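The values are calculated or read from the model by the stated rules, or taken from the named source; none is laboratory data. Note that this is a predicted model, so its numbers are computed, not measured. Every residue, glycine among them, receives a Cβ derived from its backbone with ideal geometry; neighbour counts consider all protein chains shown. With ligands, DNA and RNA removed, areas are computed over all heavy atoms of the protein, side chains included. Shrake-Rupley method; radii C 1.70, N 1.55, O 1.52, S 1.80 Å.
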Amino acid sequence: MTTTMNNTERQSSERTEKLIQEINEWKVKRNAVILAHNYQIPVIQDIADFVGDSLGLSRQAAATKSDVIVFCGVHFMAETAAILCPDKRVLIPDLEAGCSLAASITLEGLLNWKAEHPGAIVVSYVNTTAAIKAESDYCCTSGNALQIVKSIDPDKEILFLPDVFLGSWVKRMTGRENMHIWMGECHVHAAIHPRAIDEKMKQHPEAELLIHPECGCLTPYLDRVARQDKGDQLKVASTEGMIVRACQSPAKQFVVATEEGILHRLKKENPDKEFIPIADEMSCQFMKMITLEKLHAALVNNQFQVTVPEDVAAKARLSIERMVAIG
Ligand code: 13P
Ligand code: SF4
């Protein structure tokens, strides 16, 4: 069957091609690198120099030789890059690309919590503002939260923030009793009910189940995950961990419990495998704010720069450097 493009489709495709060409030209002129998170729209992932999870992208930012980093992700990710690379210009194509999880803890909230637990070690998920990171001992991502917590003296109390589901998973997996968890959540991942998993797995009994630790639906499965039975079809992983697992697993079908943007890379790197989203509409509106047009404008106009005051950055850098080094 042959398909032909109508006029509107042809014009849109020509416009996209032109934008892609100009973005690539401007990238060279600016000596810029484009980093994109696994939840970005496909066309952004395809034009990026690196696509990855929070940990991988932080490492890419820290290692880059480019003068400019264009961060196609959400604000805290660009801020982390700005802290790690004070001599680079870090741009985000839309300053409004925030994160509901990062917004679930305030500096005042953290300072009060610390005052209630003097001497406790603060472990912050990377999905936090620079001000929160500056008041933290360690930063972590979903890719290394377990290793970070395991590396801390078992006799020390831990304050883990802000994600309650990630924190509960880390607590269950490490068996650590002296760990307090902030009650924050991501509106996208918290919305998935455990019922959704049962329903999908009934429809696809052979499929492997990949769950992001921010997911609310993980709670009833914590005991099963902690047992880590050999051959269990359920895996908990960061977005990059999901990509690695899908590539290595002998399974041909996967039910995927995280934001839908990851399906693009999963399918691209595993064209012979099938990926089934846990829910039809599991989309982060903040990640989707980054478009090709805004990326183009970012490079042409050298906008929007993300900066962190040096006193805050200096305090936050230590916790972020520990995160980048572990796991
Ligand atoms: P990853 O670090 O696993 O990519 O997760 C980032 C995130 O924002 C998940 O919602
Ligand atoms: Fe934040 Fe959730 Fe979006 Fe990740 S999916 S960036 S945690 S709002």
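Quote the accessible area belonging to ILE105 in square angstrom, nearest 10, computed with a 1.4 Å probe and with ligands, DNA and RNA left uncounted.
Accessible surface of ILE105 is approximately 10 Å².
Output the relative contact order of segment 1-156, whole-number percent, from Cα pairs under 8 angstrom with separation of 6+ residues.
Working: 192 pairs, mean separation 23.8, N = 156.
Relative contact order of segment 1-156: 15 percent.
Compute the relative contact order of the chain as a whole-number percentage, counting only Cα pairs closer than 8 Å that sit 6 or more residues apart in sequence.
Numbers: 615 pairs, mean separation 77.4, N = 327.
That works out to 24 percent.
Among the DSSP beta bridges whose two residues both lie in the chain, what percent are antiparallel, rounded to the nearest 5?
Details: 1 of 34 bridges.
Percent antiparallel among DSSP bridges in the chain is about 5.
Rounded to the nearest angstrom and ordered from largest down, what semi-axes does the equivalent ellipsoid of the chain get from its C-alpha gyration tensor (root of 5λ)?
Numbers: eigenvalues 206, 157, 47 Å².
Semi-axes, largest first: 32, 28, 15 Å.
Give LYS88/LYS294; LYS29/LYS288; LYS171/LYS200; LYS65/LYS268; LYS88/LYS133 a once-over and call out the pairs whose C-alpha atoms are over 23 Å from each other.
Where the Cα-Cα span goes over 23 Å, the pairs concerned are LYS29/LYS288; LYS171/LYS200; LYS65/LYS268.
Which shape class, rounded, prolate or oblate, goes with segment 281-327 when its Cα gyration tensor gives a ≥ b ≥ c as root eigenvalues, a/c under 1.5 marks rounded, and past that a/b bigger than b/c marks prolate? Don't jump to the answer; show the numbers that get you there.
Details: a/c = 2.81, a/b = 1.48, b/c = 1.90.
Judged from the Cα gyration tensor, segment 281-327 comes out oblate (a/c at least 1.5, b/c at or above a/b).
With the Cα gyration tensor of segment 192-271 in hand, give its eigenvalues times 5 under a square root as the equivalent ellipsoid semi-axes, listed largest first in whole angstrom. Working shown, then result.
Numbers: eigenvalues 69, 39, 33 Å².
With the √(5λ) rule applied to segment 192-271, the semi-axes are 19, 14, 13 Å.
Ignoring ligands, DNA and RNA, what accessible area per residue does segment 173-219 give at 1.4 Å, in Å²? All intermediate terms of the calculation are to be shown ahead of the outcome.
Numbers: 2200 Å² over 47 residues.
Per residue, segment 173-219 has an accessible area of 47 Å².
Is any residue of segment 276-300 close enough, with backbone N under 20 Å, to a label point placed 7 angstrom from the Cα of LYS29 along the Cα-Cβ axis, and if so, which?
291-300
Roughly how far apart, in whole Å, are the Cα centres of segment 34-61 and segment 72-89?
Result: 13 Å between the Cα centres.
Calculated FRET efficiency, ALA325 and SER283, Cβ-Cβ r, R0 25 Å, to nearest 0.05?
0.15
Of ALA314, SER136, VAL28, whose Cα points farthest to the positive end of the dipole of the chain (charges on the beta-carbon: +1 Lys, Arg; -1 Asp, Glu; origin at the Cα centre)?
VAL28
Excluding residues on the same chain fewer than 8 positions from LYS230, give the aspartates and glutamates whose Cα lies under 20 Å from its Cα.
Counting by Cα, and skipping residues close in sequence, LYS230 has these aspartates and glutamates nearby: GLU206, GLU208.
Could you work out [θ]222 nm for the chain from helices alone, using -39500 (n - 2.57) per DSSP H run of at least four and dividing by all its residues? Round to the nearest 500 deg cm²/dmol.
On the way: 15 runs with 146 residues, N = 327.
The helix-only estimate for the chain comes to -13000 deg cm²/dmol at 222 nm.
In the chain, carbon and sulfur make up what percent of the accessible area (probe 1.4 Å)?
Details: 7610 of 14790 Å².
Exposed carbon and sulfur together represent 51 percent of the surface.
Using the Kirkwood formula on the Cα atoms of segment 165-319, what hydrodynamic radius do you get, in angstrom to one decimal?
Values: mean 1/r = 0.0562 Å⁻¹.
Every distinct Cα pair counted, the radius reaches 17.8 Å.
Tell me whether segment 83-230 comes out rounded, prolate or oblate; compute the Cα gyration tensor, take square roots of the eigenvalues as a ≥ b ≥ c, and use a/c under 1.5 as the rounded threshold. Can you show the working numbers first?
Working: a/c = 1.98, a/b = 1.33, b/c = 1.49.
Oblate, since a/c reaches 1.5 and b/c is not below a/b.
Place the peptides 91-99, 265-273, 58-66 in order of packing, highest mean first, counting for every residue the other Cβ atoms within 10 Å and averaging per peptide.
Values: 91-99: 20.7, 265-273: 14.1, 58-66: 17.4.
In decreasing order of mean packing, 91-99, 265-273, 58-66 become 91-99, 58-66, 265-273.
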